[in-house]
4 protein chains.
Amino acid sequence: MKAAIIGGTGYGSIELTRLIQKHPFLEIGSVVSNSQAGSNFSDIYPHLSNIIDKPLEKFDANSLCEQNDIVFLATPSGVSSNLVPQLLDNGIKCIDLSGDFRLRSAEEYELWYKHSPAEQKFIKKATYGLSEIYGEKIKTSNLIANPGCYPTAATLGLLPIAKTDYIDQKSIIIDAKSGVTGAGRSLSITSHYAEINENLKAYKLGAHQHIPEIEQVLQDEIDSPITITFTTHLVPMLRGIMCTIYVNLKENIATNEIHQLYNEFYKNHPFVRVRLLGTVPETKEVLGSNYCDIGLHVDPRTNRLTIISVIDNLVKGAAGQAIQNVNLMNGWDEQTGLADLPLYP
Amino acid sequence: MKAAIIGGTGYGSIELTRLIQKHPFLEIGSVVSNSQAGSNFSDIYPHLSNIIDKPLEKFDANSLCEQNDIVFLATPSGVSSNLVPQLLDNGIKCIDLSGDFRLRSAEEYELWYKHSPAEQKFIKKATYGLSEIYGEKIKTSNLIANPGCYPTAATLGLLPIAKTDYIDQKSIIIDAKSGVTGAGRSLSITSHYAEINENLKAYKLGAHQHIPEIEQVLQDEIDSPITITFTTHLVPMLRGIMCTIYVNLKENIATNEIHQLYNEFYKNHPFVRVRLLGTVPETKEVLGSNYCDIGLHVDPRTNRLTIISVIDNLVKGAAGQAIQNVNLMNGWDEQTGLADLPLYP
Amino acid sequence: MKAAIIGGTGYGSIELTRLIQKHPFLEIGSVVSNSQAGSNFSDIYPHLSNIIDKPLEKFDANSLCEQNDIVFLATPSGVSSNLVPQLLDNGIKCIDLSGDFRLRSAEEYELWYKHSPAEQKFIKKATYGLSEIYGEKIKTSNLIANPGCYPTAATLGLLPIAKTDYIDQKSIIIDAKSGVTGAGRSLSITSHYAEINENLKAYKLGAHQHIPEIEQVLQDEIDSPITITFTTHLVPMLRGIMCTIYVNLKENIATNEIHQLYNEFYKNHPFVRVRLLGTVPETKEVLGSNYCDIGLHVDPRTNRLTIISVIDNLVKGAAGQAIQNVNLMNGWDEQTGLADLPLYP
Amino acid sequence: MKAAIIGGTGYGSIELTRLIQKHPFLEIGSVVSNSQAGSNFSDIYPHLSNIIDKPLEKFDANSLCEQNDIVFLATPSGVSSNLVPQLLDNGIKCIDLSGDFRLRSAEEYELWYKHSPAEQKFIKKATYGLSEIYGEKIKTSNLIANPGCYPTAATLGLLPIAKTDYIDQKSIIIDAKSGVTGAGRSLSITSHYAEINENLKAYKLGAHQHIPEIEQVLQDEIDSPITITFTTHLVPMLRGIMCTIYVNLKENIATNEIHQLYNEFYKNHPFVRVRLLGTVPETKEVLGSNYCDIGLHVDPRTNRLTIISVIDNLVKGAAGQAIQNVNLMNGWDEQTGLADLPLYP
């Protein structure tokens, strides 16, 4: 099955390339980059030398759809909303890794993204691609809105407990930390090595576009409006997201009981690993892999639950989950091509 | 004035050495390291070559007190509780950078530190050395319990608002992140480069010995019992602590008003810099300096205040605050020897 | 085919585990760690949770050979010299990742390693496992002395030109730089995060045990004694080795001509990628992969050739080359299980 | 004495700011940045908050010279060649940190810098500011061409031996490694965090503009033409340069003897520290300081001398040496304002 990648020179694309290249049923058809069309892929990314030397192409919906069986869009915000309609009209399935089709409310999109949303009729066709939660819908969908990196870690960490009535739903605080690849390959002073190395910074306080995305997922599952506090930090490392999540428990519940709840919730989901009681996961322990690892701790002094959830932002937070969704869409085992161990250390 | 340093080969000592060496009124008298006595200081730390080549000494209270005017103890937990009494009896003033004299309650000390506390009569002599808050007491004290790194950042960030009745005192959550120098120079798998680089980990959930220290400071100022949630993380960088602090506001208060409150609170304290509204500090912006920088944000959606507070853990969180306290104890300007700009980048 | 790993808790073993786990014809049989026997592998390395939870075993030659078809030894220097004889006597093939069977001369071994060499009769059975050069011998060997990380990068960079008479053989200088995983998982002040991060250091000047190994390989191919200068540096990163190699050319030869020589030399060796003229490889471009990338530059001002050669020290410099050798020994395609793209960025 | 800084938002300027601010006889007069004029200095560099909040100015030679006593130019290549003439004509002394006035030969400048050189009559007025070597000339000069970072480390490492006839002058190879701050604050894919972190790369092989600068210094001292091999590498750290220098000895000379030669050569130069025999310096050991530390090793197997020389590229390689030169120009002790210990770790 041939896969096209649009947005070929960003880190999402390069990670898709790595994962497609080792997937037994997928191969790379076309790689589209309007800005670099004509160059060889391996000129821009020499680590591909001798392996993927093909030229980058300009976007052309017709020829793309003729030569490929599926399309991944790893484009900046506001781009895929224009491309996806042309592709769907050509009858090809699309996985969009940007935020363009994630929010159902056009008002919310404009409020948080500060530009125009996709057309409503296409938004309605999109399935939110959080594989563990929406697996059944994903199987029959033609357009996947692949989740954001932070929302993946945050909602997988929260959903098992959020669906119970053990917690005060107003108390949810997500303190999120990300490696720098999350900021992409576009040049910016905030990704400049000398500014970000040996530094820790918080950014976009109260204004991150992943806030409404997390709230939308929680509300879908809980069926009542939820407002969260979500703070993002940039950590001087390449890959990895950790969400440290705080929720107040309404009554005394042992960590033990919550631990069982999580184990039960994820028992059929091999990519979510609930860690042994008394331990919490580190970001390095999922590096390069599609795992989301979760640790739990209840503090009896405050009756507050702390959830630690970690992913590799480029894998489970982007390209890996996209492949997982393609596996589901094609009826393949969801671990196909994704079963490798994390790279350690 | 001659200063002795006990615990000469840890990072606290080496930072004290740097700061004493550039202080106009202090010079290094003795450097004590029982484990390395006899070696030259510069053999162990070659960056001192040609500058401080003196031999390390064994601990001897009498000769120390004869040859020095003040003593800094930068020893592991449980050591200074035995040394300080001998030194005070010799009539010399002590600044203890360990936790041995910080907690007033012997029960709390044993509970969190898991070993025996210092003698109660010496604990009573100690003044908690948070310079901005206890400056007056510090001036006349003979024994300073220099604050922990996390408590310094956390309490300076919290105190101005904690003293008001704007907040729900049960809602305090401190999500703290530290560079790796905070773990000291003792070999450990958790400080092993290959394990910690490109990694983010949470540790000691609900069990960090700085929890009762922070609570004690808050309770002193607020006059009612307080229980906080405090989570620590290790960030792959050398220096720097950030506390991201969350508190629920009881009523609607604008960021603006809280900003004025903080500015007023710290107007006579040059080492605390309240940042412009709309901005938050990064750890690199205080590197190598004694500043504690604070940023504020109120989220109107949740009516929750987020406080970002950063320090260099080895300076304001240890050696720098120790020098600041010595300045206060001697009636010198508190910025003496501490006025250098942060090292950037 | 079942593979045993001896020395189960070092980084060589953990990388072998990753590569075996994704190899289509290999699976992990036993993991031996005398110091940690009884613990689960995933207790020590939580990134293996839910995937490889098996207990670590004590070394027992008989049971190992019964339950496995091949043995990898990733033990510290001086250990496998005692274990390999027992294993060979049991009729099982061994790949030794340590230096114990690499040097043919017992005197040289003692001189550089400072302890006793393996028995001469077993050293004679060993084939030096530099896959691209000794592939034919490897195919029929029962004992592989898997090359050191530095010698792999250095000799693959040097051999094509060293075999010609274009160069002054006395002029060879190898300035080598390595990431910190090369120093292993044993605790040491030189692998302590705070000492090695944001630092660059040279070490073991003129005394590195890889010097005689490199000279032995060069001499074998050139048939005359060679003495090199080889300097190693520790770079604050996890993985990657770069050798910057300098040789004086005896006559004027264009980079172009040398480039063709290298391309010809490696045309049937997919893991060595000679880079386009005018470009040189970076260590990140081979991260996590079995590639050795080589760049070439002739400076007409000095008539000196500079060769840049990079590998991932844990893959082509250790576990990857071990797998490549097993592929050769079994008549499998040498890329089996090793064809994944580098992890970038 | 008031100092102006031109090029106010680069890392050279920000390091000058730090050093001037702690210098007892200097204070910051004007900070010029044409691109950011009007902004406050602390808006762009918040670590200056509350300390240096002054607005950035446009360049105006007259007003600059009225309000200041000395001018530092930390501008990109090709800028100061136009500004310095205006400033000298106004009678003010200039320290140029760029390469514009370093090379005496206009042809060489054009060849290596690929643009037009400064006017010859101004180049003739310039003194090359390698403080330890040209101290006497510097004292009476009005225009200092402050040395490049690499040439400082390379020539201080080489000069004592290069001036003897112990070495084969054709054999000089300098393998240089630098932290990323050397690449400045301009955005570039080669300074993009995700590309440079966990990576080691060689760059500008045979084409670095510091080659003719190093050769010029060596030739001045040796009085015969010299051609060197010089290779630069980018190391994933902020600050620090190491030059690993290889030279062939013409006869057998003990390390001991060379060590004495170096000690003698630098005995009156406190910023050059020749390390104890058997040890070599690490870059972290000079961090934030003006020291150049040198280690020596003779390999009796090859009769080759290896010299390891380290500096902080922003201090002894730029701003610190500029201050050292100002000290010399004013008859102050050359250590004035520069005596602080390195920041460790």
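The values are calculated or read from the model by the stated rules, or taken from the named source; none is laboratory data. Remember, predicted model here, so these are calculated numbers, not experimental data. So basically every Cβ, Gly included, is an ideal-geometry build from the backbone, and we count neighbours across all protein chains shown.
Annotations
- Residue within region D:129-138 that is under 24 Å from residue D:320 (Cα atoms), among the small types (Gly, Ala, Ser) and surrounded by fewer than 21 Cβ atoms within 10 Å (Cβ to Cβ) present: yes
- The one condition in (1) more than 25 Å from residue A:232 (Cα to Cα); (2) crowded, with 19+ Cβ neighbours inside 10 Å; (3) among the aliphatic types (A, V, I, L, M); (4) more than 10 Å from every other protein chain (Cβ to nearest Cβ) that residue B:159 fails to fulfil: (1)
- Residue satisfying all of: in region B:1-24; of a type outside the set (D, E, K, R) and away from chain D (no Cβ under 14 Å); farthest from residue B:180 (Cα to Cα) among these: B:1
- Any hit, region A:259-268, residues being among the polar types (S, T, N, Q) and touching an Asp or Glu at 6+ places or on another chain (Cβ under 6 Å): no
- Filtered by the rule that a residue be buried (at least 22 other Cβ atoms within 10 Å of the Cβ), out of contact with any Lys or Arg (no Cβ under 6 Å at 6 or more places or on another chain) and within 7 Å of chain C (Cβ to nearest Cβ), region B:181-197 gives B:191, B:192, B:193, B:194, B:196, B:197.
- With respect to the conditions (1) under 19 Å from the mean Cα position of the chain (by Cα); (2) crowded, with 18+ Cβ neighbours inside 10 Å, residue D:221 falls short on a single one, namely (2).
- Complete set of residues in region C:129-169 that are of a type outside the set (S, T, N, Q), touching a Gly at 6+ places or on another chain (Cβ under 8 Å) and under 27 Å from residue C:183 (Cα atoms): C:144, C:145, C:147, C:148, C:149, C:150, C:153
- Members of region D:135-158 that are in contact with an Asp or Glu (Cβ under 9 Å, 6 or more places away or on another chain) and either in a strand (DSSP E or B) or of a type in the set (D, E, K, R) (or both): D:143, D:144, D:145
- Number of residues in region C:240-270 that are assigned to a loop (DSSP other than H, G, I, E, B), in contact with a strand residue (DSSP E or B) (Cβ under 9 Å, 6 or more places away or on another chain) and facing another protein chain (nearest Cβ under 10 Å) equals 1.
- Qualifying residue in region D:165-172 (condition: assigned by TED's automatic domain parsing to the domain that holds residue D:216 and of a type in the set (S, T, N, Q)): yes
- Any hit, region A:312-328, residues being surrounded by fewer than 24 Cβ atoms within 10 Å (Cβ to Cβ) and under 21 Å from the mean Cα position of the chain (by Cα): yes
- Only a single criterion out of (1) over 26 Å from residue B:16 (Cα atoms); (2) touching a Cys at 6+ places or on another chain (Cβ under 8 Å); (3) more than 11 Å from chain A (Cβ to nearest Cβ) is not satisfied by residue B:308, namely (3).
- Annotation note: of C:280, C:298, the sole residue that is aliphatic (A, V, I, L, M), within 12 Å of chain D (Cβ to nearest Cβ) and assigned to a strand (DSSP E or B) is C:298.
- Among the residues listed as B:98, B:105, B:80, B:63, the single one being small (Gly, Ala, Ser), under 21 Å from residue B:317 (Cβ atoms) and out of contact with any helix residue (DSSP H, G or I) (no Cβ under 7 Å at 6 or more places or on another chain): B:80
- Flag for residue D:293 being closer than 28 Å to residue C:228 by Cβ, at the interface with another protein chain (Cβ under 8 Å from one of its Cβ atoms), surrounded by 20 or more Cβ atoms within 10 Å (Cβ to Cβ) and within 18 Å of the chain's Cα centre (by Cα): yes
- Filter pass, residue A:111 being more than 14 Å from chain C (Cβ to nearest Cβ) and farther than 30 Å from residue C:275 by Cα: yes
- Test: residue in region A:136-155 that is at pLDDT below 95 and hydrophobic (A, V, I, L, M, F, W, C): no
- Qualifying residue in region C:77-86 (condition: within 14 Å of chain A (Cβ to nearest Cβ), of a type outside the set (Gly, Ala, Ser) and either under 23 Å from residue C:342 (Cα atoms) or surrounded by fewer than 24 Cβ atoms within 10 Å (Cβ to Cβ) (or both)): no
- Of the residues making up region B:18-59, those that are closer than 22 Å to residue D:274 by Cβ and assigned to a helix (DSSP H, G or I) are B:21, B:41, B:42, B:43, B:44, B:46, B:47, B:48.
- The condition of being at pLDDT below 95, acidic (Asp, Glu), closer than 24 Å to residue A:265 by Cα and in a helix (DSSP H, G or I) holds for only one of A:132, A:215, A:221, that being A:221.
- Every residue from region A:80-113 that is in a loop (DSSP other than H, G, I, E, B) and more than 24 Å from residue A:215 (Cα to Cα): A:90, A:91, A:92
- Here residue A:232 clears all of (1) in contact (Cβ under 8 Å) with a residue 40 or more places away in the chain; (2) part of a helix (DSSP H, G or I); (3) surrounded by fewer than 24 Cβ atoms within 10 Å (Cβ to Cβ) except the condition numbered (2).
Here is a yes/no grid of residues against (1) under 21 Å from the mean Cα position of the chain (by Cα); (2) closer than 27 Å to residue A:287 by Cβ; (3) among the basic types (Lys, Arg):
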| residue | (1), (2), (3) |
| --- | --- |
| C:238 | yes, yes, no |
| C:248 | no, no, no |
| C:255 | no, no, no |
| C:266 | yes, no, no |
| C:282 | yes, yes, no |
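- Failed criterion for residue D:96 (all others in (1) of a type in the set (Asp, Glu); (2) within 14 Å of chain B (Cβ to nearest Cβ); (3) surrounded by 20 or more Cβ atoms within 10 Å (Cβ to Cβ) hold): (2)
- Residue pairs whose Cβ atoms lie under 8 Å apart, sitting 6 or more positions apart in sequence or on different chains, and linking a residue in region C:25-52 that is within 14 Å of chain A (Cβ to nearest Cβ) to a partner that is at pLDDT below 95 and assigned to a helix (DSSP H, G or I), are C:44/C:36.
- Hits in region B:162-180 - residues which are within 30 Å of residue B:84 (Cβ to Cβ), within 9 Å of another protein chain (Cβ to nearest Cβ) and among the aliphatic types (A, V, I, L, M): B:180
- Residue check, residue C:288 part of a loop (DSSP other than H, G, I, E, B), more than 10 Å from chain D (Cβ to nearest Cβ) and on the phi > 0 side of the Ramachandran plot: yes
- Every residue from region A:30-57 that is of a type in the set (A, V, I, L, M, F, W, C) and crowded, with 21+ Cβ neighbours inside 10 Å: A:31, A:32, A:41, A:48, A:56
- Where residue B:177 falls short, out of the listed (1) closer than 23 Å to residue A:199 by Cα; (2) modelled with pLDDT of 95 or more; (3) part of a helix (DSSP H, G or I): (3)
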